[in-house]
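Just so you know, all these numbers are worked out from the coordinates, no wet-lab data involved. Everything quoted here is computed from the prediction, not taken from an experiment.
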Amino acid sequence: MDARLVELYVERGRLRERISMQRGELARELAPLAEALHGVDRARALFHRASLWVLAHPGVVAAVGVAVVIWKPRAVWRTARWGFLAWRNWAQWRTWVRAGLRVF
C-alpha cells in the first residue's frame with residue numbers, strides 16, 4: 001500500500017479518536033442543560049394535556065368560570081379544596097377495599 005495512504009488512514013483514526021473524546025466531554029458539560037430542558041419538555045406536555053382537557057370539557061370550564069364570577073373566590077377555593085379532599089379520601093378508601101378483598 002502507498003505510504004501516503006497509510007499516513008492518511010492513521011491521521012483519520014487520530015481525528016476520529018479526538019472527535020469521540022470531544023463528544024464525551026461535551027455530553028458531560030451539557031448534562032445540567034439536558035436536565036433543565038427535560039423539565040421544560042415535561043411542563044410543555046402537561047400544558048398540552050391540560051389544554052386538550054379544557055377543549056374536551058368546555059362545560060366544566062364554563063361552570064368554574066361562572067362559579068368564580070358569582071361566588072367569592074375564597075368560597076370557590078374552599079369548595080374546590082373540599083372536593084379534592086373528598087376525591088382523595090375516596091381513592092384511598094377504594095384502594096384499601098381492593099387490597100382487603102384480595103386478602104380473602
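The convex hull built on the alpha-carbon positions of the chain has an orientation-averaged projected area of 16.5 nm². In sequence order, segment 68-77 has phi-based couplings of 5, 6, 7, 7, 6, x, 5, 5, 5, 5 Hz under the Karplus curve 6.51 cos²θ - 1.76 cosθ + 1.60, θ = phi - 60°, and Gly or Pro positions carry x. Here the Karplus curve 6.51 cos²θ - 1.76 cosθ + 1.60, taken at θ = phi - 60°, turns the phi angles of segment 3-8 into couplings of 4, 5, 5, 4, 4, 5 Hz, with x standing for Gly and Pro.
Distance from the C-alpha centroid of segment 3-45 to that of segment 56-104: 49 Å, rounded to the whole angstrom.
Couplings 3J(HN,Hα) for segment 43-51, derived from phi with the Karplus relation 6.51 cos²θ - 1.76 cosθ + 1.60 (θ = phi - 60°), are 5, 4, 5, 5, 4, 5, 4, 5, 5 Hz, where x marks Gly and Pro. Each helix, a run of at least 4 DSSP H residues, gives -39500 (n - 2.57); summed and divided by the residues of the chain, these come to -33000 deg cm²/dmol at 222 nm.
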